[in-house]
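Structure, as structure tokens:
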Amino acid sequence: MKNMTMVQAINNALEIVLTENEKVVLYGEDVGVEGGVFRVSAGLQEKFGEKRVFDSPLAESGIAGTAVGMAATGLKPIIEMQFSGFSYHAFHQIINQVSRIRNRSRGRHTAPIVIRMPYGGGIKAPEHHSESMEVLYAAIPGLKVVIPSTPHDAKGLLIDAVRGEDPVVFMEPKRLYRSVKQEIQEEEYSIPIGKASVVQEGSDITLISYGASMKEARKASDTAQKKGISVELIDIRSIYPLDRSTIGESVRKTGRVLVVHEGPESYGPGAEVLTTVIDEAFLYLEAPPRRLSGFDTIAPYPQGEEWYIHTPERIVYELQRLVEY
Amino acid sequence: MKYVFNFPDIGEGITEGVIVEWKVKVGSTVKTGDPLVEMETDKVVTDIPSPRDGTITKTFGKEGETIDVDSPLVEIEIEAGPGESPSDEEESFGVVGTSAPAGKDDILPAGKDGVRKQPEANQSQESPSQEKVKATPVARNYAKQLGVSVNKVTGTGPNGRVTKSDILEYHNASRQSTAGLKSGTAPASGAQASTERTRVVQLSSTRKTIAKNMLNSTQSAAHISLFDETEISQLVQLRERYKHIFSEKNIHLTYLPFFLKALVHALSDYPVLNSEMDMENNRLIYKEYYNIGIAVDTDEGLVVPVIRDVDTKDISQIAMEIEEKAQKARERKLSLADFKDGTFTVTSYGSIGGLWGNAIINYPQAGILGIGRIHQQPVVKNAEVTVGTVLPVSLTIDHRIVDGGISSRFMNDFLAYVSSPVDMFIR
């Protein structure tokens, strides 16, 4: 067991999958020599060589497109989009190829590609580096979308993603890259994609979040606990597929639910989760299901982030309102 | 550094307050002690001072909203204290943006998923009372309006769902079983909204407190009242004589200080009227001090500040204190301490009008004295009809504590003191 940041945990996971499967290749902008702009792949080129860990041209569509060919012919590409905002250049490849290979070939081929990308705000980067647009990928049939919030989950989910047969968009909350540490096992382990994590059990209200927002959600949950509100905190971890049964089970118990996420509100993951709540727990609801999300605006410039990202206080306020409803 | 200031408990027992007026807004610079916000709690309106120097970065809640004690009130940007700075190595990562390194408090508990687990002890079971029944939100709302805890109702609808008729049945059954003993459940018609011909107004904190206290008193104490009057020419003369002397000292001398003094004498003659019933423990608690509440009529409603240790104070002190407390009450500047620890109460409704009144005891005190309008009327003295100045007095007592006999004797005693004030110094 060793204390690691999320960057170290992902690096550790990449090292494990590169070691256990020689078909795994890792590439993207600055991924090789530099070890990635956030140093996620630091030291891996030295260890596994330039043929397995390498730099790509500044062409996201090319990165994704080449991965399709590699995957269809037996390799296991892990590709990096330097920031999620850059990945839009690769939409054509991701939407028209990556997500459809299995269906189009009637199951003869699959596209076991892991597309890693840092996402979200909170590090005072420019606006197109800071948005939280996971919903774009979650809306595409054929893709799994995973967002971890802890070093332990990041490692276990990434290993599961690489071992799987189908494409996974693996989004990494860069605000949490180094801002939390956790004792994790250095040996391999995996966490199945699609299973939410009940971070804390409670009986008054279910607080559902994921990724970067989990930091504030944890704080809010602690504060609420001190005020006598028993919060059940759930990290969904997998945006798609969504763990409907864990959500349903929890809300049938608590009767109240608040979803918190960083990205814009309209048509966002909050809406999807709350619809699931209605489906699974309608007859048990004590208060209207509610979401606390980002605003329907472009992610702000650094000086505005403080007003965009919800604070634990705001979450506690909403929790209280729902409990007292 | 951000400092979040929570709404403090500014007196004993308060749990919430209403924001009356913000004195600061986001961006305001504040010094320690500067007023942040005017809050209304049970009977008090007071400014909440800032605990720190700094700049306001957030305010929580709008004017008119109720907030709980210990919930955030404002967030203040304050000078950071000496803290740990991250190591250079940790800070240098990342070519875009600034990634905050993990501090001491940012260690997450170790995860368990995917790792071989130690067998765990069974999780504690939820108590059955916390389990939810199946009910549509409509049914839950209906139950709420009836004051029924829906999760206690047994459902007979599809799939065991609790229906409206289940709730109504449960409600009627529980109402019959408590047969009028309990009030306080919500009306069956539910909350009404304003219409063209009605206007619905939310209660102020003061009104809510009065309503709660009055209801509690009438439900908890056994009220009986008696009425009597006496001729007070001697007191009138006494007051006339001192009124001018006092007015030179800027003191407005009313009859009330004399009544308080007379009351305290009567209470010391009949100490049981200065006691409090503790039924749970089958005992009476006698008070060896005389704190007399005086009912003050204000725009917001009735408030009852307390004049402490009336037995140790002279008429001028009492007069000044009454004036000060009444003034503060009208300006709503009384603090919670001004209301506490009363042992008996006087209400002078006669100063507005009315001879007799059936006052409600300031629970858990033993009684309340009502002072009616002082007026001239024919009185019979030495078999002759003359013009007398008459004071009507109403006394309401808690029959659990005292019986009619003692009450009447106490009334006689009080009337004797006011009709012959000199007795207060002699008897």
Where A meets B: accessible area buried, both sides, 1.4 Å probe, Å²: 3800 Å²
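Given a 1.4 angstrom probe, what's the average accessible area per residue across chain B, in square angstrom? Provide the component values of the computation, followed by the final result.
Working: 24360 Å² over 427 residues.
I get 57 Å² per residue for this part.
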Residue list for the stretch A:243-268, given a label point 7 angstrom along the Cα-to-Cβ vector of B:LYS2 and an amide N cut-off under 16 Å: A:261-262
Unsatisfied cross-links (Cα-Cα over 32 Å) in the set A:LYS144/B:LYS144; A:LYS2/A:LYS47; B:LYS243/B:LYS328; B:LYS23/B:LYS261; A:LYS155/A:LYS227; A:LYS227/B:LYS31: A:LYS144/B:LYS144; B:LYS23/B:LYS261; A:LYS155/A:LYS227
Table column - 3J(HN,Hα) (Hz), the stretch B:394-402, Karplus curve with 6.51, -1.76, 1.60, x for Gly and Pro: 10, 10, 10, 10, 8, 5, 5, 8, 10
Exposure of B:SER225 as accessible area (Å², to 10), given a probe of 1.4 Å and all protein chains: 40 Å²
Residues in the stretch B:318-332 that a label on B:SER247 would reach, taking backbone N under 20 Å of a point 7 Å out along Cα→Cβ: B:318-324
In order through the stretch B:266-276: 3J(HN,Hα) via Karplus (6.51 cos²θ - 1.76 cosθ + 1.60), integer Hz, x for Gly, Pro: 5, 5, 6, 6, 10, x, 5, 6, 9, 10, 9
Pair A:ALA271, A:TYR88: separation of 7 Å Cα→Cβ label points (nm): 1.9 nm
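Using a Förster distance of 41 angstrom, determine the FRET efficiency expected from the C-beta separation of B:TYR289 and B:HIS375, and round it to 0.05.
Details: r = 34 Å, r/R0 = 0.83.
Approximately 0.75, to the nearest 0.05.
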Surface accessible to a 1.4 Å probe, A:PHE170 within the full protein complex, Å²: 0 Å²
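Specify, per residue and in Å³, the volume enclosed by the convex hull of the alpha carbon atoms belonging to the stretch B:132-178.
Output value, Cα hull per residue: 60 Å³.
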Approximate spin-label separation B:GLU169-A:SER230, in nm, with each point projected 7 Å along Cα-to-Cβ: 3.0 nm
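To one decimal place, what orientation-averaged projected area in nm² is obtained for the convex hull of the Cα set of the stretch B:261-331? Mind dumping the intermediate values first?
Numbers: hull surface 23.4 nm².
Mean projected area for the stretch B:261-331: 5.8 nm², to one decimal.
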Occluded residues from the stretch A:179-195, i.e. those whose accessible area drops by 40 Å² or more once the chain is not alone (1.4 Å probe): A:SER179, A:LYS181, A:GLN182
Sites B:THR312 and B:VAL236 - FRET efficiency at Förster radius 30 Å, r taken between beta-carbons, to 0.05: 0.70
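Seen from all sides and averaged, what is the projected area of the convex hull of the Cα atoms in the protein assembly as shown, in nm²? Please list the in-between numbers first.
Values: hull surface 179.1 nm².
Averaged projected area of the protein assembly as shown's Cα convex hull equals 44.8 nm².
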Table column - 3J(HN,Hα) (Hz), the stretch A:152-163, Karplus curve with 6.51, -1.76, 1.60, x for Gly and Pro: 4, 5, 4, 5, x, 6, 5, 4, 5, 4, 5, 6
Relative pair counts by distance (%), Cα atoms of the stretch B:207-426, 5 Å bins: 1, 7, 14, 19, 21, 17, 11, 6, 3, 1, 0
Computed [θ] at 222 nm, deg cm²/dmol, chain B (DSSP H ≥ 4; -39,500 (n - 2.57); rounded to nearest 500): -8000 deg cm²/dmol
Partners for A:LYS124 among lysines (Cα-Cα distance below 23 Å; same-chain residues under 8 apart left out): A:LYS174, A:LYS181, A:LYS215, A:LYS219, B:LYS2, B:LYS58, B:LYS104
Alpha carbon centroid spacing (whole Å) that separates the stretch B:333-407 from the stretch B:217-268: 9 Å
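Just reorder A:SER179, B:SER335 by solvent-accessible area, largest first, 1.4 Å probe, all chains present.
In descending accessible area the options line up as B:SER335, A:SER179.
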Sulfur and carbon atoms: percent of accessible area, the protein assembly as shown [1.4 Å]: 50 percent
With all protein chains modelled, accessible area of B:TRP22 [1.4 Å, Å²]: 40 Å²
Charge tally in the Cβ shell below 11 Å around A:GLN200, where Lys, Arg are +1 and Asp, Glu are -1, A:GLN200 excluded: -3
Sites B:GLN202 and B:GLN327 - FRET efficiency at Förster radius 30 Å, r taken between beta-carbons, to 0.05: 0.60
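With an 8 Å Cα cut-off and a minimum separation of 6 or more residues, compute the relative contact order for chain B in percent.
Values: 703 pairs, mean separation 58.8, N = 427.
Over chain B, the number comes to 14 percent.
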Accessible surface, chain A, averaged per residue in Å² (probe 1.4 Å): 37 Å²
In Å, descending, principal axis extents of the Cα set of the stretch A:2-184: 44, 35, 28
Buried on assembly, the stretch A:264-293 (at least 50 Å² less accessible surface than by itself, 1.4 Å probe): A:LEU283, A:TYR284, A:GLU286
Solvent-accessible surface ranking, highest first, for A:ARG108, A:ARG116 at 1.4 angstrom: A:ARG108, A:ARG116
Amide H partners (placed H, <5 Å) of B:VAL4, local residues excluded: B:ILE76
Under 5 Å, built H, 5+ apart or other chain: amide partners of A:VAL145: A:VAL169, A:ILE239, A:TYR240
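The values are calculated or read from the model by the stated rules, or taken from the named source; none is laboratory data. Just so it is clear, the model here is predicted, and its values are computed rather than measured. Virtual Cβ from ideal backbone geometry, glycine too; neighbours counted across all protein chains shown. What goes into the accessible areas is simple: the full protein's heavy atoms, side chains included, and nothing from ligands, DNA or RNA. Shrake-Rupley method; radii C 1.70, N 1.55, O 1.52, S 1.80 Å.
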